[in-house]
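These notes concern the structure reproduced below.
What follows draws every value from the coordinates through simple rules; no lab data is involved. Keep in mind it's a predicted model, so treat the numbers as computed, not measured. Because the Cβ atoms are built from the backbone with ideal geometry, glycine has one as well, and the counts that use them run over all protein chains shown.
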Amino acid sequence: MQSLNIIGAGRLGKTLGRLWQENGVLRVQSIYNRSLESGRAASRFIGAGNAAESLAAMPAADLWLISCIDSEIGAFAQQLAASDLIDHSTLVFHCSGALSSEVLKALKPALTASAHPVHSFAKPETSLETFAGTSVAIEGDPRAGQILSAAFAAIGGEILNIDPSNKSLYHAGSVIASNYLTTLMDLSLQSFAAAGIERDRALRLLAPIVSQTLQNNMTLGPEKSLTGPIARGDIATVSAQVESLAAVDSQLALCYRHLGLACVELARRGPLSDESAAKLIELLSEPTR
Ligand SMILES: NC(=O)c1ccc[n+]([C@@H]2O[C@H](COP(=O)([O-])OP(=O)(O)OC[C@H]3O[C@@H](n4cnc5c(N)ncnc54)[C@H](OP(=O)(O)O)[C@@H]3O)[C@@H](O)[C@H]2O)c1
C-alpha cells in the first residue's frame, strides 16, 4: 500500500486520511499540523500516522496531501521542493477548490495535482458517513490524476476531470449554489422579519417550499422550476415588492433587483414574452428610489 503524509490534517485532511486508512487504500504515515497536540489528535482520529514536530522531521512518502489553509499551500510547496523529501516519482496534491495545481509548480519534476471534493467537511465524524457519492474535481499531471482518481473512487468519490484554466469558474459554480443559497435564505428571513414574522415561524414556513424548489430544480432543471411573479410577467407585483423592500432596507431591495434581472433572463427561456421581459428589465434596472 502506498504511503501518505499530510501537512495540515484539519477537517478535510483527517477525514480523507481516515477513509483511506480504514479502506486499505493509502497508509497514513506522518502528519504535520501547526501544533503537535493537534497533529496527535488527528493521528488518533485517523487511527494511524505519527505527528511530526516540523516538516523536516517527516519521512519521505509516496503521496503528500497539503491540506492546510489555501494561503499557505504555495509556501509549503516551496519548502517541500527545497527539501530532500521528494523526487520525480512523489505525488503532491492539495484539495482547494479555488486554486489549481499551478500553485505546486515549484515541486516539478514531482507529480502534482489538485483534487477538490465538493463536500462540506464541517464535522469530520459526519463526513465519514456522508462522503460516498461526493464529486471530486481533479486536474494536474495525467499520472497524478490517475492515481488520485483511483484513491478517491475507492472511498466513493465520483471523479470529474477539469481543465486547470477552468478551476476558478468551476469553483464559482459551487460557491453560487451552496454559499449564495445560504445568503438567499438570510435575505428571505430579513424580509419576513420586516413583515413581523418571527424567525422560527419563518423557517417553518420556508422548509417545505425551499425543499420542494430544490427537488424541482434537481429533477426538472431551473427553466421548468421557476414560478412566481417574474415568471408570470406580473409587473405590478414586482413593482410593489421593489417599493416595499426599498422602504425597509436599500441593500435588500438592491439584491432583489439584481437577482430579479437574472430571473428575467431565466424566464425568457420559458414562456415570458419579450414585451414583459423588457418592462421587467426596465423596472428592475432602476436605482431604488
Ligand atoms: N472544509 C471543507 O469543507 C473543505 C471542502 C473542500 C476543500 N477544502 C480544502 O481543504 C483544505 C483544508 O481545509 P480545512 O477546512 O480542512 O481546514 P482546517 O480544518 O482549518 O484545517 C487546517 C489544518 O492545517 C493546519 N495548518 C494551518 N496552518 C499550518 C501551518 N502553518 N503549519 C502546519 N499546519 C498548519 C492546521 O493545524 P492546527 O490544527 O494545528 O491549527 C489544521 O490542522 C483547504 O485547502 C480547503 O480549501 C475544505
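Couple of notes before you dig in:
- Candidates Leu63, Leu189, Leu107: whichever shows maximal mean-square fluctuation once the chain is modelled as a Gaussian network with Cα springs under 10 Å: Leu189
- With respect to the chain, whose longest principal axis is taken over its alpha-carbon atoms, helix 167-194 is tilted by about 50°.
- Among Ile176, Ile31, sorting on how many other beta-carbon atoms sit within 10 Å of each Cβ, with the fewest leading, yields Ile176, Ile31.
- Averaged over residues, the count of other Cβ atoms within 10 Å places the peptides 226-234, 18-26, 92-100 in the sequence 92-100, 18-26, 226-234, highest first.
- Taking the chain and dividing mean pair separation by its residue count, relative contact order in percent (alpha carbons under 8 Å, at least six apart): 11 percent
- Residue exposure proxy: Thr130, Thr219, ordered by other Cβ atoms within 10 angstrom of their Cβ from fewest to most, comes out as Thr219, Thr130.
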